[in-house]
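Before any comments, here is the structure.
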Amino acid sequence: MKKTLRAVPLVLATCFAAAAHADPTDLGGGFSLSGNGTITNDYRFRGYSQTDFRPAAQLGLDLTHSSGFYLGNWNSNVSSTLYTEGNLEMDFYGGWRGEVYKGFGIDVGVLHYYYPGSSSPKGGNYNNTDLYIAGTYGNYSLKYSYTPGDFFSTPNSKGTWYLDGSATFDLGDGWGLVGHVGYQKLKNQVDTDGDELGHYVDYKLGVTKDIKGWVFGLAAVGASKDNWYNTKYDHPAGRLGLVASISRTF
């Protein structure tokens, strides 16, 4: 593989955007606990497959407080060819969210990606930490993520950032429409042809159907520059594809 970032994972903002609401478990003292689970035919992060176009099983837990503070964990299998023997992604995040003015909400926090057993170019695991801030209004959201260190342990990649806009629409009778577009700014990256890759745009457009709390989804997902890296079968990992999923919150 060329000298480029070997992989990139989730962002939580849109994974369960269309999932059915489930009442969290009241733990007392203002705390509550909720969970989410998904089975999908392909795990995509910012347009790029993390599982070589193969299925993924994903599970997350969220602890929230009535003050707006929260902590969470999210997990998924990933391709060991991308993360050098690591085949599990574990995300840990925390922050504060709440309404600040007439239906306008903000969400500020930190997200750490961890890949146990993986091996990065500079030693250690393929870890990464992002700082993020998001604004929401109705069914629209806009999120900015910034990586203060090297992006997923790739040397000389400090200052990478990502801007993510998403929207969900209730079509009635359990049907929903999900749309997303993102802009990924990169530092010191090249594609599989050896050409400089400073940015790309990823996109998603899909429909969901809620059947008694189980949310079935089908979406077209891809990236404007699809060959940042290839899968183990030498296919561009960001090529346009259909992603099917079954999700539930609990």
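Tabulated data for the structure shown
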item: For the chain, calculated [θ]222 nm from helices alone, where every DSSP H run of n ≥ 4 adds -39500 (n - 2.57); result: 0 deg cm²/dmol
item: Restraint check, LYS102/LYS185; LYS102/LYS158; LYS185/LYS209; LYS143/LYS187; LYS102/LYS204, Cα-Cα greater than 25 Å; result: LYS102/LYS185; LYS102/LYS158; LYS185/LYS209; LYS102/LYS204
item: Three semi-axes of the equivalent ellipsoid, the chain, Cα gyration tensor, whole Å, largest first; result: 29, 20, 18
item: In segment 62-166, the GluC sites (Glu not before Pro) that fall in loop regions by DSSP, at most 12 other Cβ within 10 Å; result: GLU85
item: Order by protection proxy (mean Cβ within 10 Å, highest first), peptides 132-138, 184-190; result: 184-190, 132-138
item: Calculated from backbone phi, Karplus (6.51, -1.76, 1.60) coupling profile of segment 57-64 in Hz, x at Gly/Pro; result: 10, 9, 9, x, 9, 10, 10, 10
item: When segment 96-162 is reduced to its Cα atoms, the Kirkwood hydrodynamic radius in Å; result: 13.4 Å
item: Residue-by-residue Karplus 3J(HN,Hα) for segment 151-158, coefficients 6.51, -1.76, 1.60, Hz, glycine and proline x; result: 6, 6, 6, 7, x, 6, 10, 4
item: Extension gain, ASN73 back to GLU99 (0.36 nm per residue minus Cα-Cα distance, nm); result: 7.1 nm
item: Volume of the Cα convex hull of segment 177-226, divided per residue and given in Å³; result: 86 Å³
item: Segment 29-38 - phi-based ³J(HN,Hα) in whole Hz, Karplus 6.51/-1.76/1.60, Gly and Pro as x; result: x, x, 8, 9, 10, 9, x, 8, x, 9
item: Separation of the MET90 and LEU61 label points, Cα + 7 Å toward Cβ, nm; result: 1.2 nm
item: Per-peptide average of other Cβ atoms within 10 Å, ordering 205-215, 31-41 highest first; result: 31-41, 205-215
item: Inter-label distance, nm, simple model (7 Å from Cα along the C-beta direction), PHE216/LYS187; result: 4.5 nm
item: P(r) weight above 14 Å for segment 62-112, C-alpha pairs, percent; result: 62 percent
item: Histogram of C-alpha separations across segment 44-164, 10 Å bin width, %; result: 12, 37, 36, 13, 2
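None of the figures in this text is laboratory data; all of them are computed from the coordinates on show. Computed from a prediction, not measured in an experiment: that's the story for all the values here. Because the Cβ atoms are built from the backbone with ideal geometry, glycine has one as well, and the counts that use them run over all protein chains shown.
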